[in-house]
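Colleague: Before I ask anything, let me first share the structure, which is written out below as structure tokens.
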Amino acid sequence: MESVRVVDSLAGVDRAQWNALAGEQPFLRHEFLSALIETGCAVAKTGWLPQIVLLERDGTLAGAMPLFAKNHSYGEYVFDWAWADAHERNGIDYYPKLVCAVPFTPVRGIRLLAASTADRKTLVKAALQVAHDLSSLHVLFARDEDADLLDEAGFLMRHTVQFHWKNEGYADFEDFLSRMSHQRRKNIRQERRRVRDAGVTFRWLEGAGIERQDWEFFNRCYRRTYAAHRSTPYLNLDFFLRLGSEMPDNVTLLLGEREGKPVCASLLLRDRRTLYGRYWGSVEHIPLMHFECCYYQAIDYAISRKLATFEGGAQGEHKIFRGLMPVQTRSAHWLAHPKFARAVENFLEKETLGIAQYVNELVEHSPFKEKG
């Protein structure tokens, strides 16, 4: 017997069954999403009301879709403020809207958690039913299989750009540098030298080796970063502690120290193939430390552990000069009002052409030598 229901937490959902559908990427796993919800980061109070769709068959979880009803557009990284403004100016509520995403995490991955195409189509129909009285449904940073299915279902497709580093079988960081142009290689070495000359050293902490005092220092750095941008942090210390205890095999913390005292920290997650850069911060300004802490150390880590990819996240053309190349991601959008759906479709057609041109221009500035 098959049924579909909507829940506001994963507390009653079997962890093993959920994770079997979610795969190994950490951000869709039961532990990660539960931590976001149960520590108060992704809840109605913060504008992320969980509306998780569950497809069950004979008492077993056959599919799932992590949905959130939202009354704002913060923490998504696919910006639709102009769409919201257009709705409001015409007297039509844009919020609440429905979003399928990992809160505060612009990482491409599974969004329709099901083994078969038929079950994935059932999830889409169920999500549209949940969105029936809302302005829109947005599926953010979907993997290609899910994006293709949503495209076929009539969703509007939006392209954005991220920057990823690919491991070309590098023996070590110097081997990686050797594939670059002379000028880029020289610049990176100079940047790294300036951080070393400032007396900063780094060490990696993993899993159970990350102690509470380390998490507290990282949280301090994380909050300082948001304060510097006059923003409110999305996550809290309870979430980080929960992450460390529930997902030790996926969590890596980089600490930068000077004269025996920590001065910066960077949090990364990983699975068997990929390293994901997430958050960083510092308690004092040291020139170029950001590049060392967020990129060079991560690339060195990925090479030493033979990881295939390091995802450095969205935005920041400066990343390309440090070996992270542009990658297009896709999100899918359904808007209830036909007038606005047509307007957004026209906008996306033009934006997509612009994105393609932007990527081509970025590739022309590749730091790597041409392959002969």
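Colleague: Can you tell me which residue in region 331-372 is surrounded by the fewest Cβ atoms within 10 Å (Cβ to Cβ), limited to those that are charged (D, E, K, R) and not in a loop (DSSP other than H, G, I, E, B)? Lay out the reasoning, then the answer.
Modeller: Applying the first criterion (charged (D, E, K, R)) to region 331-372 yields 339, 342, 345, 349-351, 361, 364, 369-371.
Narrowing the set further to residues that are not in a loop (DSSP other than H, G, I, E, B) leaves 339, 342, 345, 349-351, 361, 364.
On the way: Lys339: 12, Arg342: 12, Glu345: 13, Glu349: 11, Lys350: 9, Glu351: 15, Glu361: 11, Glu364: 7.
Here the residue is Glu364.
Colleague: I'm trying to understand the selection: among the residues of region 129-154, which are aliphatic (A, V, I, L, M) and surrounded by fewer than 16 Cβ atoms within 10 Å (Cβ to Cβ)?
Modeller: Answer for region 129-154, where residues must be aliphatic (A, V, I, L, M) and surrounded by fewer than 16 Cβ atoms within 10 Å (Cβ to Cβ): just Ala153.
Colleague: So, one more: Pairs, please: C-beta under 9 Å, at least 6 apart or cross-chain, first residue closer than 23 Å to Leu268 by Cα and in region 12-32, second among the polar types (S, T, N, Q) and not in a helix (DSSP H, G or I)?
Modeller: Gln25/Thr274; Phe27/Thr105; Phe32/Thr105
Colleague: Say whether the condition of being in a helix (DSSP H, G or I), in contact with a helix residue (DSSP H, G or I) (Cβ under 8 Å, 6 or more places away or on another chain) and farther than 25 Å from Gly316 by Cβ is met by at least one residue in region 249-264.
Modeller: The first filter runs over region 249-264 and keeps only residues in a helix (DSSP H, G or I), leaving 249-250.
Of the ones still in play, those that are also in contact with a helix residue (DSSP H, G or I) (Cβ under 8 Å, 6 or more places away or on another chain) are 249-250.
Those still in the list that are farther than 25 Å from Gly316 by Cβ too: 249.
Yes, there is a match, as at least one residue in region 249-264 is in a helix (DSSP H, G or I), in contact with a helix residue (DSSP H, G or I) (Cβ under 8 Å, 6 or more places away or on another chain) and farther than 25 Å from Gly316 by Cβ.
Colleague: Within the group Leu21, Leu36, Leu28, Leu67, which residue is within 30 Å of Phe310 (Cβ to Cβ), in contact with a Cys (Cβ under 9 Å, 6 or more places away or on another chain) and not aromatic (Phe, Trp, Tyr)?
Modeller: On the way: Leu21 fails: in contact with a Cys (Cβ under 9 Å, 6 or more places away or on another chain); Leu36 fails: in contact with a Cys (Cβ under 9 Å, 6 or more places away or on another chain); Leu28 fails: in contact with a Cys (Cβ under 9 Å, 6 or more places away or on another chain).
Matching residue, one of Leu21, Leu36, Leu28, Leu67: Leu67.
Colleague: Residues being surrounded by fewer than 21 Cβ atoms within 10 Å (Cβ to Cβ) and either assigned to a strand (DSSP E or B) or at pLDDT below 95 (or both): count how many of those fall in region 59-74.
Modeller: Final tally of qualifying residues: 4.
Colleague: Then there is this: Counting only residues that are part of a strand (DSSP E or B), over 29 Å from Leu362 (Cβ atoms) and not acidic (Asp, Glu), how many does region 159-218 have?
Modeller: Result for region 159-218: 5.
Colleague: Oh, and also: So which of Glu56, Glu38, Glu31 is in the same structural domain as Asp146 (by TED's automatic domain parsing), under 24 Å from Leu275 (Cα atoms) and acidic (Asp, Glu)?
Modeller: Result: Glu31 is the single residue among Glu56, Glu38, Glu31 that is in the same structural domain as Asp146 (by TED's automatic domain parsing), under 24 Å from Leu275 (Cα atoms) and acidic (Asp, Glu).
Colleague: A further question follows. Before we move on, is Glu216 touching a helix residue (DSSP H, G or I) at 6+ places or on another chain (Cβ under 8 Å) and loosely packed, with under 14 Cβ neighbours inside 10 Å?
Modeller: Details: touching a helix residue (DSSP H, G or I) at 6+ places or on another chain (Cβ under 8 Å): yes; loosely packed, with under 14 Cβ neighbours inside 10 Å: yes.
In short, yes.
Colleague: Working only within region 128-158, note down all residues that are part of a loop (DSSP other than H, G, I, E, B) and aliphatic (A, V, I, L, M).
Modeller: If the condition is that a residue be part of a loop (DSSP other than H, G, I, E, B) and aliphatic (A, V, I, L, M), then Ala131, Leu134, Ala153 are the ones that fit.
Colleague: In contact with a helix residue (DSSP H, G or I) (Cβ under 7 Å, 6 or more places away or on another chain) and farther than 15 Å from Tyr170 by Cβ, is that true of Gly313?
Modeller: no
Colleague: Determine whether region 96-108 contains at least one residue that is in the same structural domain as Ala332 (by TED's automatic domain parsing) and in a helix (DSSP H, G or I).
Modeller: No: region 96-108 contains no residue that is in the same structural domain as Ala332 (by TED's automatic domain parsing) and in a helix (DSSP H, G or I).
Colleague: Look at Ser245 and say whether it is surrounded by fewer than 17 Cβ atoms within 10 Å (Cβ to Cβ) and outside any loop (DSSP other than H, G, I, E, B).
Modeller: yes
Colleague: Just give me the residues in region 46-58 being assigned to a loop (DSSP other than H, G, I, E, B) and of a type in the set (S, T, N, Q), in sequence order.
Modeller: Of everything in region 46-58, just one residue is assigned to a loop (DSSP other than H, G, I, E, B) and of a type in the set (S, T, N, Q), namely Gln51.
The values are calculated or read from the model by the stated rules, or taken from the named source; none is laboratory data. Bear in mind that the values here come from a model prediction, so they are computed numbers and not experimental data. Cβ: placed from backbone, ideal geometry, glycine included. Neighbour counts: every protein chain shown.
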